[in-house]
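A short worksheet on the structure shown next.
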Amino acid sequence: MKTNVAFFFGCRSVEHEVSIISAVQAMRAVDREKYDVTPVYVTKDGEMYTGDALFTIEEYRDLPALYKKCRKVFFARNGENVVMKYESKGVFSKAKDVTIDVAFPVVHGTNCEDGTIQGYFEYLGLPYVGCDILSSAVGMDKAVFKDVVKRAGVPVLDCIEIRSREYAQNKEELTQKIVNQIGLPLIVKPVNLGSSVGITKVSDIESFDEAMSLAVSFSDKVLIERAIENLREINCSVLGDADNCEASVCEEPFMNDEILSYEDKYMGGSKSGASKGMASLGRKIPADIPEELSNEIKELSCKIFKAIGANGVVRIDFMLDTAENRVYANEINTIPGSLAFYLWEASGVKYTELLDRMIELAFRRQRGRENLTFTIKTNILSGVSFGSKGAKGAKL
Amino acid sequence: MNILFLISLIVAAVSGIFSLVRQLQMLQQNSYFPSRYSKFVTDTFVVWLCVLAFLFCISSFFYSLDNPFLHIILTAAVLIVRIPLCIKTQKKSIKKLVFTGRIKRLFGAAIIIEALLITLYALLPGLAGEICLVLSLTLSFITPLLCYLVWAVTLPIEKAFGAYYINDAKKILASNKGLKVIGVTGSYGKTTTKFILKRILSEKYNTVCTPGSFNTPMGVVRTVREHLKPHTQIFICEMGAKNVGDIKEICDIASPDMAVITSVGPQHLETFLTVDNVFKTKFELADAVKQKGGRVFVNGDSKEIASRIDNSFSVYGTGENALYRAENISYGAFGSSFDINLGGEIISVKTKLLGMHSIIDIVAAAAVAHSLGVSPEDIKYAVSTLAATEHRLELKSYINGSTLIDDAYNSNPEGCIEAVNVLGSFDGFKKVIITPGLVELGAKEYEYNKNLGFNAAEKCDIIILVGKNRSVPIKDGILEHGFQEEKLFTVSSFAEANALYSTLADKNTVLLIENDLPDNYLN
């Protein structure tokens, strides 16, 4: 009897493919002595499939063919358990329900990583790996994230938040106001996306509008902040929960352009790198920074992790202003690409062990919840007479 | 043979099977032991005798009229009356019949037997048919007989089912490598210890325990099959016993790696006969664990245990003999505070739980958890979150910022004395008790109440008795101790007692409500 871990990946998100790569990597690294793995591929339409073909990355090149090799499934509660049910194809193909012990979401971006899929697991009552609804949601909204960590004493760049409609109705005035307030160059980014999608650096006021229209095509809310001229980006991963967490070594990703772009992050700059995900991105591990700075970043990382109440593995991206020698927390990835395993291997934690610890953390959170009371076992209505006398009969 | 006759026979059978609900309910609540169920049957024997006598009278009357058919019809009518009666009893009972697989099989057997007898009667000529007729009617009339019969007929099937379930549970336990099973037994305190242990172990491990007081072999089997998950790391298994060998039977299934024995006392002596047998049975758990090389934690404060053990046991308690010890115990508005001495390492804890037995249960759980690598910080935190059972030495805030110890559900003499002792140890507080005393204790009732009064007089500053007549024995005890009479009040209801209390309560007052009785006891 092994613990059955269901890996959820794909989903209705712009980072659909990235999620597939991260998940396939993770499913291969799981300790099979201890765990059974059930792959659950969520299509761009939100349908769910399972099947052995999902373990191989090449299969995803031809999706219709892949669907044919898999079976459509859905999830339901059955007494104390959560089961995966197969959509029945006729009377005779009745396959047995599969009990799922824990869910492992390896999804990126909106409609999943932002608390959506976590809400689904909560609703099912299924223990799951990683951040809960609130911390996922906080992590997804870059502006809210800044507010929360700022309160915990973490340095962030001040920003302006602006809504799509607000901007459309009052373009000139707002542009002027923003440029005056923040100064040039500045950065425009959609508030809710990871993987650097939709982010533009604006150096002159004329290109501001173009940057805005790109950003609003991804998100209703847009964030504008000062661009750091002498920028180095430093990332750090944290593993644990709010009670106990540790930071990995720091990394410095190399930038082709001035901002780490989607192509940089996931395509690795070369055509063959596409299937290797974040791990293949040009980067320096550990980052070439003084030990003092690296310790400061690690400390800030743990502070941020606790401030948003994160769980499992996250990656926090910092901006280093080399001119002023100051660090700013930029954003958090509550489900980082490749689960940041390359940072942990460099810190002495093998990928298999990392996954094991993440699953253990999921059970630990579940135990903490079981110690609280959510429902009163007795049915209060059982003692109430509604009766045929109408409203008079009810004695609530 | 007559169609009408056959129909009335069938009606009789149906009503007989229907009445089986009550019998099976009793059989089920006696864990399917016919010997225990028989007690219920003998208790209701007179009723059955009356029913039979009545039926015999009318049947002979109609027989003398030479109208056997009318007789049968009437019989059926009488039997039909049992159906609404039966439904009424079911609706009124607190613990209703649960339609488990076994109960369904028992009903099935009853239906088959009756159907078979009636069919045979219809088909067989002469004496053989007559015998079937008599048998069918007898079983329909006297449902306990039918109950015994179906129990006996289905027994082999049930044994096979039982064996299958037991094997399945063993397989599940064996397939979970690295799983640790902790057996918890004892005459008293095992359920509380189990829940506290589960709470503390949950800090570090995925822990499952037998729910409620599921402590029979089949209860353990059910827990394993329904609750154990592949990622379960510790299974805490409460083991109950009423006979010598009961614990061994559970150990054979669960194969425990560690044991906690909370107490040995004079419990279930009707089946155990001697305390020595209780000891032997409880220590069947120790034997099983020692065979596997595991540790056995025993309560050194239990006299029956302390006098019988050697130094191969891990002893916990409050005395000098204990390796794991509760020290520096004090009570206050926050609850209890004490140090757990784990063989030198000391953890200071605070909990809302009150009373010596709770503290000892916590020490037991802490000792086991510590030996399994749960950190002192985690133990301390888990203990601080423990909540009392409702109305059992439950600590609450009360009128005018005073503190209430709600022990309203306690009705046993030792428990009452312990509650008064807890009240007495609230140093620096004005100590008040409201109690109507104890009831339904038979011949010793006067003595117990007087003793309660004597103890209360020693520990309390103000005593409020409820029920003018019923509190006389307590009063005797109080006055014997020489308590000032102006601090003793007697009222006639709890409402009155509360009103009186609210006039004298303040921030530094602690109130113990001991055993609240329904009004019909109060006079």
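Out of the residues in region A:159-183 that are part of a helix (DSSP H, G or I) and among the acidic types (D, E), which is surrounded by the most Cβ atoms within 10 Å (Cβ to Cβ)?
For region A:159-183, the residue satisfying everything is A:E166.
Only one of (1) over 22 Å from the mean Cα position of the chain (by Cα); (2) surrounded by fewer than 17 Cβ atoms within 10 Å (Cβ to Cβ); (3) more than 24 Å from B:A160 (Cβ to Cβ); (4) within 14 Å of another protein chain (Cβ to nearest Cβ) fails for B:P230. Which number is that?
(2)
Give the residues of region A:1-18 that are in contact with a Pro (Cβ under 9 Å, 6 or more places away or on another chain) and either more than 14 Å from every other protein chain (Cβ to nearest Cβ) or outside any loop (DSSP other than H, G, I, E, B) (or both), sorted by residue number.
A:T3, A:N4, A:A6, A:F7, A:F8, A:F9, A:C11
Inside region B:363-411, can you point out the residues that are under 21 Å from the mean Cα position of the chain (by Cα) and not in a strand (DSSP E or B)?
B:A387, B:A388, B:T389, B:E390, B:H391, B:R392, B:L393, B:A408, B:Y409, B:N410, B:S411
Sort out which residues of region B:486-512 are under 22 Å from B:F429 (Cβ atoms), free of Cβ contacts under 8 Å to residues at least 40 places away in the same chain and of a type in the set (G, A, S), and write them in order of number.
B:A499
The rows are residues; the columns are (1) surrounded by 15 or more Cβ atoms within 10 Å (Cβ to Cβ); (2) touching a strand residue (DSSP E or B) at 6+ places or on another chain (Cβ under 9 Å); (3) of a type in the set (G, A, S); (4) not in a helix (DSSP H, G or I).
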site	(1), (2), (3), (4)
B:E440	no, no, no, yes
B:L465	yes, yes, no, yes
B:F483	yes, yes, no, yes
B:A495	no, no, yes, no
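Looking at region B:186-196, can you tell me whether even one residue there is under 26 Å from the mean Cα position of the chain (by Cα), within 14 Å of chain A (Cβ to nearest Cβ) and not aromatic (F, W, Y)?
Yes.
Suppose we filter A:E206, A:E225 for residues that are assigned to a helix (DSSP H, G or I) and either buried (at least 20 other Cβ atoms within 10 Å of the Cβ) or of a type outside the set (A, V, I, L, M, F, W, C) (or both); which single one remains?
Among A:E206, A:E225, only A:E206 is assigned to a helix (DSSP H, G or I) and either buried (at least 20 other Cβ atoms within 10 Å of the Cβ) or of a type outside the set (A, V, I, L, M, F, W, C) (or both).
Please work out which residue is nearest to the other protein chains (Cβ to nearest Cβ), limiting yourself to region B:152-175 and to residues that are more than 30 Å from B:N277 (Cα to Cα) and touching a Leu at 6+ places or on another chain (Cβ under 7 Å).
B:I172
Take the residues in region A:29-48 that are among the hydrophobic types (A, V, I, L, M, F, W, C) and within 22 Å of A:Y120 (Cα to Cα), then tell me which one is farthest from the other protein chains (Cβ to nearest Cβ).
A:V42
Which count do you get for residues in region B:176-185 that are surrounded by fewer than 21 Cβ atoms within 10 Å (Cβ to Cβ) and more than 14 Å from every other protein chain (Cβ to nearest Cβ)?
1
What are the residue pairs meeting all of these: first residue in region A:146-158, first residue farther than 15 Å from A:R326 by Cβ, second residue of a type in the set (S, T, Y) and surrounded by fewer than 20 Cβ atoms within 10 Å (Cβ to Cβ), Cβ atoms under 8 Å, and 6 or more apart or on different chains?
Final answer for the pair search is none.
Considering only region A:315-332, state which residues are more than 16 Å from A:V156 (Cβ to Cβ) and at pLDDT 95 or above.
Of everything in region A:315-332, just one residue is more than 16 Å from A:V156 (Cβ to Cβ) and at pLDDT 95 or above, namely A:R315.
Does region B:209-226 hold any residues that are closer than 24 Å to B:A387 by Cα and either more than 14 Å from every other protein chain (Cβ to nearest Cβ) or modelled with pLDDT of 95 or more (or both), and which are they?
Across region B:209-226, the qualifying residues are B:T210, B:S213, B:F214, B:N215.
Determine which single condition A:E251 fails, assuming it passes every other condition in (1) surrounded by 15 or more Cβ atoms within 10 Å (Cβ to Cβ); (2) of a type in the set (D, E); (3) in a loop (DSSP other than H, G, I, E, B).
(3)
Within region B:295-308, track down each residue that is surrounded by 19 or more Cβ atoms within 10 Å (Cβ to Cβ) and not charged (D, E, K, R).
Within region B:295-308, B:V296, B:F297, B:V298, B:N299, B:G300, B:S302, B:I305 meet the criteria.
Filter region B:375-417 for residues that are within 14 Å of chain A (Cβ to nearest Cβ) and among the acidic types (D, E); which is surrounded by the fewest Cβ atoms within 10 Å (Cβ to Cβ)?
This residue is B:E390.
Only one of (1) assigned by TED's automatic domain parsing to the domain that holds B:E238; (2) in a helix (DSSP H, G or I) fails for B:S187. Which number is that?
(2)
In region A:49-141, which strands (runs of 3 or more DSSP E) lie fully inside it and hold 1 or more residues that are surrounded by fewer than 23 Cβ atoms within 10 Å (Cβ to Cβ) and within 14 Å of chain B (Cβ to nearest Cβ)?
Per the criteria, A:71-78, A:81-86, A:98-100.
For the structure I just gave you, tell me whether B:V422 is assigned to a strand (DSSP E or B) and out of contact with any Lys or Arg (no Cβ under 8 Å at 6 or more places or on another chain).
no
Give the residue that is surrounded by the fewest Cβ atoms within 10 Å (Cβ to Cβ), with candidates limited to residues of region B:190-208 that are over 23 Å from B:T389 (Cα atoms) and in contact (Cβ under 8 Å) with a residue 40 or more places away in the chain.
Applying the filter and picking the extreme gives B:K204.
Given B:A163, B:A241, B:A169, which one is free of Cβ contacts under 8 Å to residues at least 24 places away in the same chain and at negative phi?
B:A163 is the lone residue from the list that is free of Cβ contacts under 8 Å to residues at least 24 places away in the same chain and at negative phi.
Within region B:210-222, how many residues turn out to be farther than 18 Å from B:T192 by Cβ and either among the acidic types (D, E) or outside any loop (DSSP other than H, G, I, E, B) (or both)?
5
The values are calculated or read from the model by the stated rules, or taken from the named source; none is laboratory data. Worth saying up front: this structure is predicted, and the values here are computed from it rather than measured. FYI the Cβ positions are ideal-geometry reconstructions off the backbone, even for glycines, and counts take in every protein chain you see.
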